[in-house]
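The numbers here are math on the coordinates, done by the rules we state, and not lab data. Note that the structure is predicted; figures quoted are calculated from it, not measured. Methodologically, a virtual Cβ is constructed for each residue, glycine included, from the backbone with ideal geometry; neighbour enumeration extends over all protein chains shown.
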Amino acid sequence: MTRTLFLTLILLLGLLSFVNPARSQARDRFFLSSDGVRLHYLEAGSTNRHTLVFVPGWTMPAWIWAAQINVFARRYHVVAFDPRGQGSSAVPAEGYEPVRRGRDIAELINHIDPVPVVVIAWSLGVLDTLASIHVRGDRLLAGLILVDNSVGEEPPPLYHPVPPHVGPPLSREEAMHRFVSAMFRRVEPAAYLNRLTAACLRTPEAASRSLLAYPVPRSYWREAVYATKVPLLYVVRPRWVPQGENLVRNRPGTEMVVFRDVGHALFIDEPGRFNHLVDSFLRRRVWP
């Protein structure tokens, strides 16, 4: 075998393993929601251990948590959820509002074992998880780790308008690829970005718009945060620090850690720091 061919094979094997790194340890699982939708989750680690449930963001697949699945499965029972219309879950025509999404998470937690669980939710997954507390309370929760989104606390976030696109209109595929690429501060391989974009496009356009409608007042999320007394870790970029400061001040059992110079997918930009932070919180505050 020539050196060039050998190096090519090594590169291809590396890309194949990177395309879906969660597959090395995770197993596919499914359950039916109460409205008959087949929902998927990845499962790794022993069911004789405490359970962590990872919830992804808007249109994202469960395997985006690959760097966490592979690490935490060594010590915990790990579940990574594909919300309806995302990842390998079914794509129903309806059910993309907060209450139904919250019920899906509550039913997932009720379906798995052991409980109580720690939910680690990112972006839209934060709001879905808080909706699940409205639906079922916190009886099956041991802790919460909420990553880089508002929790309805004061002050409300400031939104800056996106500069208008110059040039021919972007296709949905092009727009989604730009959105996905913008989530990261560090440079990700093109193969990874393309695969993640394809996964996000699986959510129908109408459903993706519905997910961003937020047909409830901001106080809906804040009420859920304060309704539960479990330990809470708020992991955010500087944008959410004012909310986090009020949360820490007014809600006992809350910690906040700020990540700077990272993208929205901060657990991918700095996986080592994020994983160490989560592990420390679990050992200190949840299951010492």
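Of the GluC sites (Glu not before Pro) found in region 72-181, the ones in coil according to DSSP and having at most 15 other Cβ atoms within 10 Å of their Cβ are GLU94. Length gained on full extension, ARG239 to GLU154, computed as 0.36 nm times the residue gap minus the Cα-Cα distance: 29.4 nm. When the Cα positions of ALA62, LEU282, LEU196 are compared along the charge dipole of the chain, LEU282 comes out farthest toward the positive end, with charges on each C-beta of Lys, Arg, Asp and Glu.
Fewest-first ordering of ILE120, ILE133 by other beta carbons within 10 Å of each residue's beta carbon gives ILE133, ILE120. Per-residue extension of 0.36 nm, minus the Cα-Cα distance of HIS165 and PHE30, leaves a gain of 44.6 nm for this segment. From helices alone, the chain scores -12000 deg cm²/dmol at 222 nm; the rule is -39500 (n - 2.57) for each run of n ≥ 4 DSSP H residues, then divide by the residue total. With both labels modelled 7 Å from their Cα along Cα-to-Cβ, the ARG260 to VAL187 distance reads 2.5 nm.
Here the mean projected area of the convex hull built on the C-alpha positions of region 24-124 is 5.7 nm².
For region 173-288, the relative contact order is 28 percent, taking Cα pairs closer than 8 Å that sit 6 or more residues apart in sequence and dividing their mean separation by the residue count. Please list, ordered by chain and number, the residues whose modelled amide H lies under 5 Å from the amide H of LEU233; skip anything fewer than 5 residues away on the same chain. Long-range HN contacts for LEU233: LEU144, ILE145, LEU146, GLU255.
In terms of packing, defined here as the mean over residues of other Cβ atoms within 10 angstrom, the peptides 74-86, 187-199 line up highest first as 74-86, 187-199. Find the centroid of the Cα atoms in region 144-205 and in region 29-86, then give the distance between the two in whole Å. With region 144-205 and region 29-86 each reduced to a Cα centre, they are spaced 21 Å.
Computed on region 111-200, with alpha-carbon pairs under 8 angstrom and 6+ residues apart, the relative contact order is 25 percent.
With the charge dipole of the chain set up from +1 on Lys and Arg Cβ and -1 on Asp and Glu Cβ about the Cα centre, the Cα lying farthest toward the positive end among the listed residues ASN246, HIS165, LEU127 is that of ASN246. Within the chain, antiparallel bridges make up roughly 30 percent of the DSSP beta bridges whose residues both belong there. Using a cutoff of 8 angstrom between alpha carbon atoms and counting only pairs six or more residues apart, the relative contact order for the chain works out to 18 percent.
In the elastic network of the chain, a GNM with C-alpha springs shorter than 10 Å, the most mobile of ALA206, ALA106, ALA66 is ALA206.
Among (i) 186; (ii) 151; (iii) 129, find the value of volume of the Cα convex hull per residue in Å³ that was calculated from the structure presented, and write down its label. Of the labelled values, this structure produces (ii).
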